[in-house]
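Novice: The structure follows.
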Amino acid sequence: MVTNRTFTMIKPDATAKNHIGGILKMINDANFRIIAMKYTRLSKEQAGAFYAVHKERPFYGELVEYMSSGPIIAAILEKNNAVADFRTLIGATDPSKAAEGTIRKIYAESISANAVHGSDSDENAQIEGDFFFSLLERP
Ligand code: ATP
Ligand code: MG
């Protein structure tokens, strides 16, 4: 199991507002290396599959609609302690509760349109990276 990688998405609210450059700069400035990256758009089916762990949650329908509403950036990032350090960099799920200087504090609109995704475990980082990238597309 790889422990120095995480997976991220720049979500539709952030791509729509031209925050891709600003967010990637914050990611690079925090010493994450981009291992693989693509600009794409999820269908409802794909968004539903990606967030299947939240299927029973009341916000699942809204989450799937939102995540398929526009283009996203998907990327695999590398750094020591990548999963935990990236969660620190992005801040709390609800941007009103996110720490100063975090990506969500700076760029997120709301708890549902919260600018970025970050994997919550090494295992999910591997699964989520595999969801978007073939072996040919990443080292
Ligand atoms: P992500 O998995 O996208 O990095 P997270 O791990 O901080 O976010 P999760 O609990 O995994 O938060 O929720 C996944 C996503 O579902 C959130 O990023 C947010 O877009 C949405 N979400 C979570 N809670 C709510 C809520 N109470 N109302 C609306 N949307 C929510
Ligand atoms: Mg999560």
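Derivation of every value follows stated rules applied to the coordinates shown; laboratory data play no part. What you see is a predicted model, and the numbers here were worked out from it, not measured in a lab.
Novice: From the helices alone, meaning DSSP H stretches of at least four residues, give me the mean residue ellipticity at 222 nm for the chain, per-run term -39500 (n - 2.57), in deg cm²/dmol to the nearest 500.
Specialist: For the chain, the value works out to -10500 deg cm²/dmol.
Novice: Still on this structure: Please report the relative contact order for the chain, taking Cα pairs under 8 Å with a sequence separation of at least 6, and give it as a percent rounded to a whole number.
Specialist: Numbers: 245 pairs, mean separation 53.9, N = 139.
The value is 39 percent.
Novice: Hey, could you pull the Cα Rg and Dmax for the chain, both in Å?
Specialist: That works out to 13.9, 39 Å for Rg and Dmax.
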